[in-house]
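Below: one structure, written as structure tokens.
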């Protein structure tokens, strides 16, 4: 029996460049369905974060909002995914003045498909939850970049440099 057959909650399978991006349709902060397929023909940054209205997630969302115009001009859309319900995302968007698309994955189905939900270290302890991760999906729907365990602070600036936009 291998580790994957044992039923233990091991690290999730990770996506790599060239893999097809898992498709999804999830409700945004207003309850409107948002599909990855709706963005075909453009690159999409799909970023997975643990919880709205927390310090690190707020920093990351504010940084993405600040870069959203430049990214859009470069043909790159942004979708943030968390397990928060739409009403929490709406409060997050309004309270922080966010101008990016935030979607709700309350059952963590999409987060798991992206390898962004599973066992992680938090303050030296192993816990199960959202692994802060960022993916760049190319115009054809394939993973161009996959980054796991990213830091909230400075991540957007690094991503912009990696994409040649800084």
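Couple of notes before you dig in:
- Flag if residue 61 is touching a strand residue (DSSP E or B) at 6+ places or on another chain (Cβ under 8 Å), free of Cβ contacts under 8 Å to residues at least 40 places away in the same chain and part of a helix (DSSP H, G or I): no
- Unique residue being surrounded by 13 or more Cβ atoms within 10 Å (Cβ to Cβ) and within 21 Å of residue 118 (Cα to Cα) when the list is 54, 65: 54
- Out of 110, 127, 103, sole residue that is at pLDDT 95 or above and part of a strand (DSSP E or B): 103
- One residue from 30, 77, 9 being part of a loop (DSSP other than H, G, I, E, B) and modelled with pLDDT of 95 or more: 30
- Taking each residue of segment 36-56 that is at positive phi and looking for partners that are outside any helix (DSSP H, G or I) with beta-carbon atoms closer than 9 Å, six or more apart or interchain, yields 41/75; 41/139; 41/140; 53/84.
- Take the conditions (1) touching a strand residue (DSSP E or B) at 6+ places or on another chain (Cβ under 8 Å); (2) touching a residue at least 12 places away in the same chain (Cβ under 8 Å); (3) over 19 Å from residue 15 (Cα atoms); residue 91 misses just one of them, which is (1).
- Residues that are in a helix (DSSP H, G or I) and closer than 13 Å to residue 130 by Cβ within segment 37-58 comprise 56, 57, listed in sequence order.
The values are calculated or read from the model by the stated rules, or taken from the named source; none is laboratory data. These numbers were taken from a predicted model, which means no experiment stands behind them. Because the Cβ atoms are built from the backbone with ideal geometry, glycine has one as well, and the counts that use them run over all protein chains shown.
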